[in-house]
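Worksheet: one structure, shown below.
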Amino acid sequence: MKILIVEDTKKLAQSLADHFDLAGHSSSIAGTVEAANELVLLTHYDIMLLDIMLPDGNGHTFLRSLRLQKIAVPVIVMTARSEISDRIDLLDIGADDYIIKPFDIAELEARCRAVLRRHGGGGYTNIMLGNIELSPLTAELRTPAENFKLRNRELRLLEIFMNAPNILFTKEQLTDRLFNISESVNENTIEVYIARIRKKLIGCNMRIETLRGIGYRLTETFLPK
Amino acid sequence: MRKPISLRWRLLVPLIITAIITSALLYFTMRQVTKQAVQATQEALLEKAVTSILEQTRFTENNVEIDLPYNIFTMLGAISEDKVYYRVDLDGLFLTGYEDLRLKNLTVDNEYIFFSSTIFRGVKLRQATVQQLFLVNGKSRLIQITVAQTQLFQEAILRDMSRNAGVIGISFFGFALLVALLATRSFLRPINSLAGTVSRRGAHDLRPVKGPTPPELMPLVLSLNGFISRLTGTLRQTETFIAEAAHHIRTPLSLVKSESQLALRKSKSSENRKHLHNIIESVDMSIRSAGQLLDHALVLYRSEKIDEKRLDLAVVVQHVADNLQPAADLKDIIIKTEIINTGDIFVMADRVLLEVALRNMLDNAIKYSNPDQLIFVKMVLDQNFVRIIVLDNGRGIKGVKTKGIHKRFKRGSNVDDVIGSGLGLAIISEICIILGGSFILKNNKGVGACAILQLPVC
């Protein structure tokens, strides 16, 4: 997924870009309306994250001009304002969704997926490993035996493993990625989700291996002929 | 504290009292004048009678001759059913007439006609008495003539006149009251007109009050316009402050949260991870507090600038639910909305405030729900009200003291482990008051909590 982050707070923009890069996406940063306009005209982006208060203009005006130019890039507005009427205006002028700052990265990713799903999923590539294929956009896991619709946490867990095959993840790391810090989570909760995925991977040449006392990793197994 | 007296009564009461006094004075004056006129007429007739008798009195050598003028008695008796009595005394001794007619003691010097009232045979009489000294053969003789008449005619006239005076007095009072009411109405019309002009204005209409105003009301209008001007400035400042505060608080917090999450993801040291956990937890707490404080400020600001519109409730609820679904997805929670037993439901409300209330209700439901659950949002129409019911499968409020839970910074005793500011329920309750509704939080049948927002429909 190719993302354009239009945000004038450079450090925040870079931080978001780092998150997306880590998740295997490609991101560009524009700190002004002018820079964003140039990038949009030069390159195709799958989604744009747009801040409203920019130094050389207003996000509303920029978004309206994009839509007038028939540039249909999906836009999620990142707003710090509480005014819901502002948000309603944003949807009216062509924003696909909005998220109120500060937000959880996982929520931003979920909103990006939802918006891209509505736009037909362009740019979001499926992940293939062994004989399984994961579509993060539709939350589908395709195995030789069956196709599964995954729950949100199952999807995010499998996505973590499939983006980094053979890499070991501790329970703590997985818990941090899957749950909100404020949620009271038992250490063994992660095992429930691991077990659910393992059940779906029966008969596949990919499996989640447990390294006792250390963690889990996704590895390829060789099926008997 | 005593209730202040209205301007209408301040004006009306003195006018009514004046009307009552004037009407009473009119009644008694008319009655008195009539009484005096009738009495004067009677006295004139009685005077004529006694003087005529006196004129017809002649003394001979040893006798006195009195010629009673019957025409006078006829005239006196002809009036109504009145009766006439007379008495003639000579040298203090009864001579002729009605002896039991009481005689007024007059001194010898009195040579004028004297009028008095007396009771004769149980009937009230008015009588005229005249006396005169005659010199007969060198000897003075005193003759005293009294003519009396009953007062039936006078009383009849007085009765009629009293009735008429009463009718005139009441009519005058009625007329005066009408004039007082009209005058009060006319006096208050400019004030009511001014009040109407101000109250008919829309929520955002903060233009100065203009139009023809009586000079006496000009100080009030000028003060009102001054107040509107100050209010406009304050609201503008508040709006700008909220927007800027939101930007300056939320953006740095976004960076702290994003960077902390990034650092947590990259960190391999359990010690560092623990510290980062603490940082993120504190940031989340700050985010929640800042967000809800800004929401609270927004509610207070909007309560002064409320913008009511006819809203399709299902559309608003669905919009809020859709917007929160990605956040709910993170816990594998599904938000289901449904309208029970009815079609479209419209409410007259400020959309911003309504959405803030619904967002807080759903946010609480998501926050306290366990993963892989359903949250139901039901809209139930009940006569003139609609109940928006949010049902979750979380920990509920069983065994929790709910008294004061709607107050600011108060939280249930069973949610210490979950990040919260204690403002969510206070915000919902305050919005309910502004929108003319009510809010109840109770335990769901089974598990979880049931939050009910009741609003009037239109």
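What follows draws every value from the coordinates through simple rules; no lab data is involved. If you're wondering where the values come from, they're calculated on a predicted model, not measured in any experiment. Glycine gets a Cβ as well: all are built from the backbone with ideal geometry, and neighbour counts include every protein chain shown.
Sparsely packed loop sites in the stretch A:171-225 (the chymotrypsin sites (Phe, Trp or Tyr not before Pro) outside DSSP H, G, I, E and B with at most 10 other Cβ atoms within 10 Å) comprise A:Phe222.
What residues of the stretch A:24-67 lie in the reach of a label at B:Asn272, counting those whose backbone N is under 14 Å from a point 7 Å from the Cα along Cα→Cβ? Hits in the stretch A:24-67 for B:Asn272 at 14 Å: none. Shielding by partners for peptide A:14-21, expressed as the average number of C-beta atoms from other protein chains within 10 Å of each residue's C-beta, is 4.
Would you mind working out the magnitude of the charge dipole of chain B relative to its Cα centre, with +1 at each Lys and Arg C-beta and -1 at each Asp and Glu C-beta, to the nearest 20 Debye?
Details: 56 positive and 43 negative charges, 458 e Å.
So the magnitude is around 2200 debye.
In order along the stretch B:208-225, the Karplus-derived 3J(HN,Hα) couplings, from 6.51 cos²θ - 1.76 cosθ + 1.60 at θ = phi - 60°, round to x, 6, 10, x, x, 10, x, x, 5, 8, 4, x, 5, 5, 5, 5, 4, 5 Hz, and Gly and Pro are given as x.
What number in nm² do you get for chain B if you take the convex hull of its Cα atoms and divide its surface by four? Let's see the in-between values first.
Working: hull surface 173.2 nm².
Computed as one quarter of the Cα hull surface, the answer is 43.3 nm².
Let me know the mean shielding of A:169-180 by other chains, meaning the per-residue number of their Cβ atoms within 10 Å of its Cβ. Could you put the intermediate results ahead of the total?
Numbers: counts 0, 3, 0, 6, 5, 0, 0, 8, 3, 2, 3, 8.
Neighbouring Cβ atoms belonging to other protein chains average 3 per residue here.
Can you tell me how the stretch B:7-158 classifies by the Cα gyration tensor, rounded, prolate or oblate, using a/c under 1.5 as the rounded cut? Write out the running numbers ahead of the final one.
Numbers: a/c = 3.67, a/b = 2.81, b/c = 1.31.
Prolate shape, in that a/c is at least 1.5 and a/b is the bigger ratio.
Here is the list for the stretch B:117-192: trypsin sites (Lys or Arg not before Pro) lying in DSSP coil, each with at most 11 other C-beta atoms within 10 angstrom of its C-beta, are B:Arg121. Efficiency by 1/(1 + (r/R0)^6): what FRET value for B:Leu220 and B:Thr22, r their Cβ-Cβ distance, R0 = 45 Å, to the nearest 0.05? According to the calculation, E is roughly 0.85.
Given an 8 Å cut-off on Cα distances and at least 6 residues of separation, report the relative contact order of chain A as a percent.
On the way: 332 pairs, mean separation 29.2, N = 225.
This gives 13 percent for chain A.
Rounded, prolate or oblate, given the Cα gyration tensor of the protein assembly as shown, with a/c below 1.5 counting as rounded? Prolate shape, in that a/c is at least 1.5 and a/b is the bigger ratio. The length gained by stretching the chain between B:Thr234 and B:Lys398 to full extension, at 0.36 nm per residue less their Cα-Cα distance, is 54.7 nm. Think of the stretch B:307-458 as a dipole: +1 on every Lys or Arg Cβ, -1 on every Asp or Glu Cβ, centred on the Cα centre; then among B:Ile405, B:Ile334, B:Asn364, B:Ile405 lies furthest on the positive end.
For peptide B:313-320, the mean count of partner chain Cβ atoms within 10 Å of a residue's Cβ comes to 1.
To the nearest ten degrees, helix A:33-42 and the longest principal axis of the Cα atoms of chain A are 60 degrees apart.
The calculated 222 nm mean residue ellipticity attributable to helices in chain B amounts to -18500 deg cm²/dmol, summing -39500 (n - 2.57) over DSSP H runs of n ≥ 4 and dividing by all residues. Here the stretch A:2-118 carries DSSP beta bridges of which approximately 10% are antiparallel, counting only pairs with both residues inside. Amide hydrogen proximity for B:Asn370: with H placed 1.01 Å from N in the peptide plane, the residues at 5 or more positions away or on another chain lying under 5 Å are B:Asn393, B:Gly394.
Taking every DSSP beta bridge that has both ends in the protein assembly as shown, the antiparallel portion is near 75%. Taking GluC sites (Glu not before Pro) in DSSP loop states with no more than 13 other Cβ atoms inside 10 Å as exposed sites, chain A has its longest site-free stretch at A:1-145.
Considering only beta bridges that DSSP places wholly inside chain A, some 50 percent are antiparallel. Between B:Gln42, B:Asn323, B:Val13, the Cα set farthest toward the positive side of the dipole of chain B (charges on each charged residue's Cβ, about the Cα centre) is that of B:Asn323.
When only the Cβ of Lys, Arg, Asp and Glu is charged (+1, +1, -1, -1), the dipole of the protein assembly as shown relative to its Cα centre reaches about 1380 debye. Restriction of the GluC sites (Glu not before Pro) in the stretch B:1-88 to DSSP coil positions whose beta-carbon has at most 16 other beta-carbons within 10 angstrom yields B:Glu61, B:Glu81. Look at the dipole of the stretch B:209-305 built from charges on Cβ: of B:Val283, B:His248, B:Ser270, the Cα furthest out on the positive end belongs to B:Ser270.
Each Cα pair under 8 Å and six or more residues apart adds its sequence gap; the mean of these over the residue count of chain B is a relative contact order of 11 percent. Distances between placed amide hydrogens fall under 5 Å for A:Val77 paired with A:Leu50, A:Asp96, A:Asp97, A:Tyr98, A:Ile99, all partners being 5 or more residues away or on another chain. Taking the Cα centre of chain A as origin and assigning +1 to Lys and Arg Cβ atoms and -1 to Asp and Glu Cβ atoms, the resulting dipole is close to 980 debye. Taking the Cβ of B:Ser229 as the center, what net charge do the other residues with Cβ under 12 Å away carry, scoring Lys and Arg +1 and Asp and Glu -1? Here the charged neighbours net out to +3.
Would you mind putting A:89-95, B:254-260, B:194-200 in packing order, based on average other-beta-carbon counts within 10 Å, highest first? If you can, show how the numbers build up before the last one.
Working: A:89-95: 16.1, B:254-260: 22.3, B:194-200: 11.6.
Highest mean packing first, the order is B:254-260, A:89-95, B:194-200.
The simple spin-label model puts a point 7 Å past each Cα toward its Cβ; for A:Arg142 and A:Ile167 those points are separated by 2.5 nm.
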